[in-house]
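Colleague: Dropping the structure in here first, questions after.
The values are calculated or read from the model by the stated rules, or taken from the named source; none is laboratory data. Here the structure is a predicted model, which means the values were calculated and not measured. We place every Cβ from the backbone using ideal geometry, glycine too, and count neighbours over all the protein chains shown. SASA here: full protein model, heavy atoms, side chains in, ligands and nucleic acids out. Shrake-Rupley method; radii C 1.70, N 1.55, O 1.52, S 1.80 Å.
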Amino acid sequence: MPSATPVPGPAALSHRPLADADIPRICGFARDREELYFLFPRATWPLTPEQVRDSLAVRRDPTVVLRGGEVVGYANFAIFEAGRTASLGNVSVAPWARRSGVAKHLVSTMMDRAFVHHGLPELRLRCFNTNTPGLLLYAALGFAPIAVEEHKAPWGDRLALFTLRLDREGWAAGRGDG
């Protein structure tokens with residue numbers, strides 16, 4: 001397994017591939033049924049290690065972010081088409097670590113994984129309209145909306161689900177490489 005990658009700055013964030021021992025911690029990231037729906041729409045409350053393990057059969061590059069050795073973030077590629085595209089999935093941050101740079105580090109790590117490691121021409125993700133911090137972060141990182149569709153939440157609310165896209169050129173320009 002590759003070693004954790006340190007990130008400069010006061011947050012002392014690093015990342016590495018998901019380990020089985022991380023899964024129970026990830027199960028605690030959603031505080032209620034509604035949050036779980038937004039983080040992992042196909043899961044049922046409460047999220048269990050078995051649900052996470054089962055999802056890994058159809059996910060790629062499960063990655064965790066650590067702060068001081070503690071798992072505080074998780075993401076993967078929900079869809080992966082070699083040479084074409086990937087879709088970022090299950091982007092989640094521990095409640096006690098939100099709004100501290102963890103999500104930015106996590107998404108940036110997955111962007112680098114898609115564009116550098118896998119050489120993909122684009123990366124996509126989906127985000128519900130109720131996730132204002134997520135939508136603003138994705139926009140700041142260069143993602144742009146390309147589609148919106150209506151969804152009905154399990155509790156009956158109408159939701160807009162945005163599909164956002166970032167291509168290799170936009171990613172490189174954001175890094176100062178383009």
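Colleague: What about residue 64, is it open to solvent by less than 30 Å² (accessible area, probe 1.4 Å), hydrophobic (A, V, I, L, M, F, W, C) and in contact with an Asp or Glu (Cβ under 6 Å, 6 or more places away or on another chain)?
Modeller: Spelling it out, residue 64 is indeed open to solvent by less than 30 Å² (accessible area, probe 1.4 Å), hydrophobic (A, V, I, L, M, F, W, C) and in contact with an Asp or Glu (Cβ under 6 Å, 6 or more places away or on another chain).
Colleague: Here's something else I'd like to know. Would you point out the residue of the range 34-58, among those that are assigned to a helix (DSSP H, G or I) and within 22 Å of residue 96 (Cα to Cα), that is nearest to the chain's Cα centre (by Cα)?
Modeller: Out of the qualifying residues, it is 39.
Colleague: Quick check: is even one residue across the range 140-156 in a helix (DSSP H, G or I) and at pLDDT 95 or above?
Modeller: yes
Colleague: Sort out which residues of the range 55-95 are within 16 Å of residue 137 (Cβ to Cβ) and among the hydroxyl-bearing types (Ser, Thr, Tyr), and write them in order of number.
Modeller: Correct list: 74, 92.
Colleague: Among the residues of the range 77-129 satisfying the criterion of being in a loop (DSSP other than H, G, I, E, B) and of a type in the set (D, E, K, R), which is least open to solvent (accessible area, probe 1.4 Å)?
Modeller: Applying the filter and picking the extreme gives 98.
Colleague: Can you tell me how many residues in the range 46-61 are open to solvent by less than 30 Å² (accessible area, probe 1.4 Å) and in contact with a strand residue (DSSP E or B) (Cβ under 8 Å, 6 or more places away or on another chain)?
Modeller: Number of matching residues: 2.
Colleague: If a residue must be open to solvent by 70 Å² or more (accessible area, probe 1.4 Å), under 20 Å from residue 87 (Cα atoms) and part of a strand (DSSP E or B), how many such residues does the range 157-178 contain?
Modeller: Within the range 157-178, residues that are open to solvent by 70 Å² or more (accessible area, probe 1.4 Å), under 20 Å from residue 87 (Cα atoms) and part of a strand (DSSP E or B) number 1.
Colleague: (1) assigned to a strand (DSSP E or B); (2) closer than 19 Å to residue 32 by Cα: which one isn't true of residue 134, the others all being true?
Modeller: So residue 134 meets the others, but not (1).
Colleague: I need a count of the residues in the range 35-44 that are modelled with pLDDT of 95 or more and surrounded by fewer than 15 Cβ atoms within 10 Å (Cβ to Cβ).
Modeller: Going through the range 35-44 one residue at a time, the tally reaches 1.
Colleague: Looking at the range 1-33, which of the residues that are modelled with pLDDT of 95 or more, aliphatic (A, V, I, L, M) and not in a helix (DSSP H, G or I) is surrounded by the most Cβ atoms within 10 Å (Cβ to Cβ)?
Modeller: Filtering first and then ranking leaves 13.
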